[in-house]
Amino acid sequence: MKMDKNHYIEHVKKFIKNKEAKRVVSKELTYHIEQEKQRLTRDGSHSEEGAEEEAVKRMGNPIEVGKNFNQLYRDRTDWWMVFLLLMSVGISFLPVLVFNQDFGYLLESKFVYTFMGVGIATALFFLDYRKLQKWGWVFYGAGLLGLYFLINGPVTYVIGEPVLEFGPFSISGIYFIPLFILGFASFFSTPKAKLWKALIVLSIPLYLYLNTYDLISTGILIVLFISMAWFINLNRKALAGIICGGSSAIALYLWLTPIKEYQLVRLFSFLHPEDYPDSQGYVYLRVQEMLSNTEWFGRGGNLENLPSGHTDFVLVSLTYNYGWIISFITILVLLLLMVRLVVVNLKISDKFGKMLITGGLTFYSVPFLYHLLMSFGLLPFMAFSLPFLSYGFHPMVLHAVVFGLILSVYRKKAIVGAMLSQHS
């Protein structure tokens, strides 16, 4: 059966489900048929009408071609990432099973946070992430508004940091980081993005975070911004100069500013905890004792003297209770998840998608790496929650939001890559 170009393309499109893929395939086949038609016409072996028929014929069986394109441009699922996420979520219940005996309510709340996280991640997975790009400034503004209320609203203070309370939920500065990931990603993916503009975009939330005295969220925000700006190659020389200059200024300030006594105690407690066994050094000594007594298959119990063992020191309590084997498996799973984020980012062509993954990688990696090194005594203790494993709303749900967006980017990578290649 002879077909002209239009008839052939329409027949191919019948076997393609995705509407965007149909448009991509239509343009692609039109281009190839026209190229082949011109080649056949130039060599004089075919008339123009015959050349088109022959060019169409050489494209192959429309049914097979349609099925192949449907497979090529289908929505995809990163099953490796899903598997690692499910492993992380499953392991996260182990510490809760230990501490639930003392607190009673942890297991029920853990199930609630987990179901919320899985539900949100699933919803975001099926959302076309590209629709969020035009709302970047809205997300950015929402983050600023939230920080404003943390400073000026009716808040309570937990360890010196303001917290907004809504019924059983408490909102701190870390909750607004995903909004800034979306806002920064939208800004950096525009052709008009300049470093001086980016610094203005950073300065406002940075100022607000500094006023909340939330050093952890402030640090994550800075690393997040630098990672995105560096990855998008936004004048790296100037950015490197700003990083070096800013670091030097902070070091000079710390050198010239008189150190208060409690700050010295914190520093020396980290360096020589045995000299402060009844104050700041107690936790360091307790962690050292627990890890030194840990066996391959764990010891169990005796966690009452470890502060925040289900949150800030969850890796220590997990290692002590379940042993080094479970600890190594946990660390390996979390490391592989970080590596997978890097690998996926290299496969994405869309700038907005790349920025979302870069932001998500930073949001995940900074607390994970700090918590890991802190747990083994290589960094001073700070309240860095371990993603997914630490008990609470934000280690589970906020990271589920970020990974849901990343899975959405991966889901559309084939069709988005094809569309970008056609426009380049």
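Overview of results
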| item | result |
| --- | --- |
| Residues ASN211 and SER308, FRET efficiency given R0 of 30 Å [Cβ-Cβ distance, rounded to 0.05] | 0.75 |
| Cβ-based charge dipole, the stretch 79-423, positive-most Cα from TRP230, HIS371, THR257 | TRP230 |
| Radius ratio Rg over Rh of the stretch 5-72, counting only Cα atoms, Kirkwood formula for Rh | 1.02 |
| Debye equation applied to the C-alpha atoms of the stretch 79-423, log10 I(q)/I(0) at 0.13 Å⁻¹ | -1.11 |
| Calculated FRET value between ASP278 and ALA123, using beta carbons and R₀ = 45 Å, to 0.05 | 0.35 |
| Mean Cβ count within 10 Å, highest first, over the residues of peptides 335-341, 413-419 | 413-419, 335-341 |
| Helix axis angle, 177-188 relative to the chain longest principal axis, alpha carbon, degrees | 40 |
| Label-zone membership for the stretch 378-392, site SER109, 7 angstrom Cα→C-beta point, backbone N under 13 Å | 390-392 |
| Packing rank of 271-280, 6-15, where each peptide gets the mean count of other beta carbons within 10 Å, highest leading | 6-15, 271-280 |
| Label point distance in nm, LEU271-GLU64, each placed 7 Å from Cα along Cα→Cβ | 7.4 |
| Contour excess over end-to-end distance, with Cα ends at HIS11 and LEU264 and 0.36 nm allotted per residue | 83.5 nm |
| Calculated FRET efficiency for the pair GLU28/LEU199, C-beta based, R₀ 30 Å, to 0.05 | 0.15 |
| Linear extension gain, ALA238 paired with ARG39, 0.36 nm per residue minus alpha-carbon span | 66.6 nm |
| Packing rank of 90-99, 361-370, 174-183, 146-155, where each peptide gets the mean count of other beta carbons within 10 Å, highest leading | 174-183, 361-370, 90-99, 146-155 |
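A short reminder: the numbers here are calculations on the coordinates, not readings from a lab. Note that the coordinates shown come from a computational prediction; the quantities given were computed from them, not determined experimentally. Neighbour counts run over all protein chains shown; Cβ positions are idealised from the backbone, glycine included.
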